[in-house]
Amino acid sequence: MPSIEILTPKSLHEALGILSDQNKVLRIIAGGTDVVTGLKQESNRFINTEVLVDVNHIAEIKGIERRNGKISIGAASTFSEIYKDQIVSKELPILKKAIATIGSLQIRNCATIAGNFVNNAPCADTVPALLVYNATIEIESINSKREIPLQEFLQGPYKTQLKKDEIVTRINIPVPPKTFTGDFYKIGRRRAVAISRITLAVLMELKENKINEIRIASGAVTPIGVRFPELEKFAKGNEVDDIFLKTLSSKMGEEIIKLTGLRWSSEYKLPTVQQMLYVILRNAATKNLSKKLI
């Protein structure tokens, strides 16, 4: 581990003032589960870092609250804090399930939700869940503040829109209607403390046995977490039966190939993610249809 200067601002304004100094290579650290590992491994993304800005003592970017029809999560909230929160447990079960699959308890006690998507590894487990919940993120610098959709923020593997003088402050999620149902599924090399090989999140609403709304997002199987708008458009308005769910799941493979092309892992990953989608859709439909699914 290299010797490095660490600053610990006590307020958001102080932190933004520090980040506005363009004369040094600064990097934000919260949980440190990616940054510390990157520094130890002398990763090219971290090797030139001169100063770490520890944001763990900034109250403005912590906490979870419900306001104006949205659930607002502080960017520096840890996974354990989010998992235990009653609002998240009641309103965002897909996010809670995704968090439960991340690392170990020790990692979840340190790692933060914003760190997960700011690092933007292809295997970032919370990203598919946040995408199907239509999450937006608030970003601030010393001179500006903006809020953008998470999907727009994510630009490529380990690349985002975040500028050097900015901090992600909050994640805002519209409270889903009670009529929405869905699930999250993850496959790794082992049952726990595993990096994702495939993640999938689905949120949908059925009306009169037809798909009124559906959101589908994946991670790990694609270069970054993504939604599938063409697949969602294809599904809307269709009556739910077993044949259609199989057709929709098959088309998922086609959409992935459009994004990634054929890869050495496609032979394994494509049929696996198709089956994952089918199982999630069938389970959700079985709970909500007014007729037996055949």
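The values are calculated or read from the model by the stated rules, or taken from the named source; none is laboratory data. As the structure is a prediction and not an experimental result, all values here were calculated from the model. As a convention, Cβ positions derive from the backbone with ideal geometry for all residues, glycine included, and neighbour counts pool all protein chains shown. What goes into the accessible areas is simple: the full protein's heavy atoms, side chains included, and nothing from ligands, DNA or RNA. Shrake-Rupley method; radii C 1.70, N 1.55, O 1.52, S 1.80 Å.
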(message) Using only DSSP helix segments of four residues or longer, with each worth -39500 (n - 2.57), what per-residue ellipticity at 222 nm results for the chain after dividing by its residue count and rounding to 500?
(response) -10000 deg cm²/dmol
(message) Within the chain, which is the longest segment that contains none of the GluC sites (Glu not before Pro) sitting in a DSSP loop with at most 13 other Cβ atoms within 10 Å?
(response) 51-207
(message) Suppose all protein chains stay in the model; what accessible area per residue would a 1.4 Å probe give for the stretch 95-176, in Å²?
(response) 37
(request) Find the Cα radius of gyration of the stretch 1-138, compare it with 2.2 N^0.38 Å by division, and give the number to two decimals. (result) 1.08
(request) Two decimals is fine: what's Rg over Rh for the stretch 1-68, C-alpha atoms, Kirkwood radius as Rh? (result) 1.04
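Which pairs in the list Lys70/Lys207; Lys90/Lys186; Lys145/Lys251; Lys186/Lys233 are over 32 Å apart, alpha-carbon to alpha-carbon?
Lys145/Lys251
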(request) Bin width 10 Å, alpha-carbon pairs only: give the P(r) of the chain as whole percents, running from 0 to the bin holding the largest distance. (result) 6, 28, 33, 22, 9, 2, 0
(request) Excluding Gln274 itself, calculate the net charge of residues whose Cβ lies under 13 Å from the Cβ of Gln274, where each Lys or Arg counts +1 and each Asp or Glu counts -1. (result) +1
(message) Using DSSP to call loops (not H, G, I, E or B), can you name the chymotrypsin sites (Phe, Trp or Tyr not before Pro) in the stretch 210-294 whose Cβ has at most 13 other Cβ atoms within 10 angstrom?
(response) Trp264
(request) Using all C-alpha to C-alpha distances in the stretch 154-285, build P(r) with 10 Å bins and read off the rounded percent in each one. (result) 11, 39, 33, 16, 2, 0
(request) Using a 1.4 Å probe over the heavy atoms of the protein chains, calculate the carbon and sulfur portion of the accessible area of the chain as a whole percent. (result) 50
(message) Expected output is a single nm value to one decimal: the length gained when fully extending between Ala194 and Asn48, i.e. 0.36 nm times separation in residues minus the C-alpha distance. What is it?
(response) 49.7 nm
